[in-house]
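First up is the structure itself, then whatever we jot down about it.
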Amino acid sequence: MLIEVKVRVKRTIGGKTKSKLETFLKDTCSLFVEAEQAVMEKLTTEQTQGLVEDFEILSIRQSPIKEICLQYNGGNAYIASLTDVFHDSKGNEKTLRYKVLLWADNLSQANQRVADLAAQGYDMHIEGIKEVNWEYLATTTKTTTDGQK
C-alpha cells in the first residue's frame, strides 16, 4: 500500500527561510505509522544538517497512486492518469482508472514514457500527466542490534 504524507516544511534556501508544502510517498505494509516515521527521520536528519528549519505533518492518507515506475530516471516526478478498458466474464465493458508515479527530465520525455506504459495494456489510454513535487521513500528492511528484522 502506498501512503502519502503531506508536510509543511520551512527550508533555508540561499540564507532565506521559505515555507512550502511537500508530499512524500512511502510503500509500506504497516500503514501510516511507518510512513510517518520515515518522513520524520528524513526531515529530522535534514534539520540537523541545517537544510530544514522546522516541519509539521499535515496529513497522512492512502495514496491514489497504484504503481511506481522505478525503471525510469529523471530530475522531475510526474503522475500519469491512465484508463484501461476491458470486458468482464459476462462481456460487459469495464473501465479501470489508476495513477502511476514516474520520473523524467521534462514533460515530453514523461509523455513518451507514459505512452510506453500504456502500450503494455490491451486498450489503455492516457488521461493526463502532471509534474509533482513528490519524493518517494523506498522501503528498506532494517536489522535490529540483536539480528532480528
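The values are calculated or read from the model by the stated rules, or taken from the named source; none is laboratory data. Keep in mind it's a predicted model, so treat the numbers as computed, not measured. With ideal geometry, Cβ positions are generated from the backbone for all residues, glycine too; neighbour counts draw on all protein chains shown. Ligands, DNA and RNA are stripped out before the accessible areas are found, and what is left, the full protein with its side chains, is counted by its heavy atoms. Shrake-Rupley method; radii C 1.70, N 1.55, O 1.52, S 1.80 Å.
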Restricting attention to region 92-99, does a residue exist that is modelled with pLDDT under 90 and touching a Cys at 6+ places or on another chain (Cβ under 8 Å)?
-> no
For region 32-39, state whether one or more residues are more than 24 Å from Tyr78 (Cβ to Cβ) and either exposed (fewer than 12 other Cβ atoms within 10 Å of the Cβ) or within 13 Å of the chain's Cα centre (by Cα) (or both).
-> yes
Show the residue pairs that are 6+ apart or on different chains and have beta-carbon atoms under 7 Å apart, the first residue being within region 86-110 and aromatic (Phe, Trp, Tyr), the second being part of a loop (DSSP other than H, G, I, E, B) and open to solvent by 70 Å² or more (accessible area, probe 1.4 Å).
-> Phe86/Tyr122; Trp103/Asn73
Of all the strands (runs of 3 or more DSSP E) wholly in region 91-137, which have at least 2 residues that are surrounded by fewer than 13 Cβ atoms within 10 Å (Cβ to Cβ)?
-> 93-104, 124-132
Kindly indicate whether Lys42 is part of a helix (DSSP H, G or I) and among the basic types (Lys, Arg).
-> yes
Kindly indicate whether Glu67 is open to solvent by less than 50 Å² (accessible area, probe 1.4 Å) and within 22 Å of Ala104 (Cβ to Cβ).
-> no
So, first residue among the basic types (Lys, Arg) in region 41-69, second residue assigned to a strand (DSSP E or B) and modelled with pLDDT under 90, Cβ within less than 8 Å, six or more apart or across chains; the pairs are Lys42/Phe24; Lys42/Leu137; Arg61/Ile3; Arg61/Glu4; Lys66/Leu2; Lys66/Tyr98
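What residue, among those in region 70-90 that are open to solvent by less than 50 Å² (accessible area, probe 1.4 Å) and not hydrophobic (A, V, I, L, M, F, W, C), is nearest to Lys18 (Cα to Cα)?
Residue satisfying both the conditions and the ranking: Asn76.
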